[in-house]
1. Would you pull out the residues with amide H under 5 Å of Thr297's amide H, same chain only if 5 or more places away, H placed 1.01 Å from N?
2. Using Cα centres only, tell me the gap between the range 248-273 and the range 74-131 in whole Å.
3. Starting from the Cα gyration tensor of the range 151-265, multiply each eigenvalue by 5, take the square root, and state the resulting semi-axes largest first in whole Å.
4. Could you pull out every one of the aspartates and glutamates with an alpha carbon less than 18 Å from that of Lys85, ignoring same-chain neighbours closer than 8 positions?
5. With a cut-off of at most 15 other beta carbons within 10 Å, and DSSP calling the residue loop, which trypsin sites (Lys or Arg not before Pro) in the range 101-141 qualify? Please list them.
6. If you wrap a convex hull around the Cα atoms of the range 228-343, how much volume per residue is inside, in Å³?
7. Cut-off is 10 Å between beta-carbons; in what order do Arg216, Arg284 appear when sorted fewest neighbours first?
8. Give me the net charge of Ile266's neighbourhood, meaning all other residues with Cβ under 10 Å from the Cβ of Ile266; Lys, Arg count +1, Asp, Glu -1.
Amino acid sequence: MTFRKPGWALVGAVLVASAVALLLFRGTPPSSPDSTDTVSAARQPTSSGVLVGTPSGASPSTEPTPAIEQLPMPGCWDGLRQLDKTATLDSLREALAVAVGNRDNLLAAYLQERLTELVGQDAGRALQVVEWAKQASPPQLGLYLDALKAAPAVHDAKVSEALLKLGEDKSLPLQNRSAALDALETQRRLSPGDLARLKAVALDETADSTAWVATRTLGRVMKEDFERTGTHAPYWKELLSIAGQSDDMAVRLLALEMPSYSNPLIGSESFDELKRILTTDRERDVREMAAFRLGVTREPEEALKIYEAAFEKEHDVCVRWAIFRFAVRAAGEQALPLLARLAAKDPRFQRDYAEFKQLYASGTVDFARIWLGKGEHHACLVEEGAPH
């Protein structure tokens, strides 16, 4: 839910509705000990002037609590108007700490947006948030860097360099390094030097989850750059290298998957490495993903040759099924002669060949429609749910 500075009457109405819905869902009476303790604890003001969860003008009551169920009123966030008018980085940081301490997710989300607005295009402010992130822990860590990721200043060269350095810093906790690299994913492009540095993190066996995030960031910036300029080759080159070199199966799999979000056509310059991964990777999932990646190509005839050679060496039925169906994706109806040969070698695919042949004979040509008309006979797509 997003809050803006104007329209505070609407905010109050929304909060009342939220409180009603929450009560109906949870069935928690307002007189429960937890709710009483929370309100009492939230009455202490901070130097930021924000009171969380205390109705404006409320005072302690000496009357006994009625023995009837009542709907609680939402807090008014006393002092938030003034904070909005005079917000500084420090006051927002303190207010965020209050919101987190009181587990007020709505207020925290609003303050995160205000932090994004305050940083704006100011690189100096953005660098200050990066400094906070070095020592922060969740949930503040995520609030800081998610706010920065959405601010225009994240595109400033000094800011992106600071985030990349934080992601590379082996003296920091992995969660801080990962959050910094995640904040880079909104970049419009990456220089060759930055690509090499992200790749180094992705291949670092000690980086664990940070290596996975580095790979994802590389792929997400590739999508952004490809959609704006049509550029994908420098990114895909590094992703393919990661897929072939990483010792982490999840990283290898992700490196091959990331082009799926922009679907650039793969050419012969990638075929040797894809063929090696398809025929030698020790993990079934990675070999399947290599077969998928090969299916989006501008040179389908060469792809079919690789598929046929890989099918001969492969013994896992699910990887063979991936080769079989993605050959269709690569070459369409032109793949039918290959499918006939593969089905002759492995009778488990005779029915698949017959169905593909019938679908093309009916005049269907689009792979998505072909797939919708195709039966599933190998129980290999339980987790995928789709042909990718």
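Readers should treat all values here as calculations from the given coordinates under stated rules, not as data from a laboratory. Note that the coordinates shown come from a computational prediction; the quantities given were computed from them, not determined experimentally. Cβ sites come from the backbone with ideal geometry, for glycine too, and all protein chains shown count toward neighbours.
1. Those lying under 5 Å, H to H, from Thr297 are Ile266.
2. 40
3. Details: eigenvalues 78, 68, 21 Å².
Output for the range 151-265: semi-axes of 20, 18, 10 Å.
4. Glu94, Glu113, Glu117
5. On the way: sites: Arg103, Arg114, Arg125, Lys134; in loops: Arg103.
Those that pass, being in a loop and sparsely packed, are Arg103.
6. 93
7. Values: Arg216 20, Arg284 16.
Ranked by crowding around the Cβ, least crowded first: Arg284, Arg216.
8. Here the count lands on 0.
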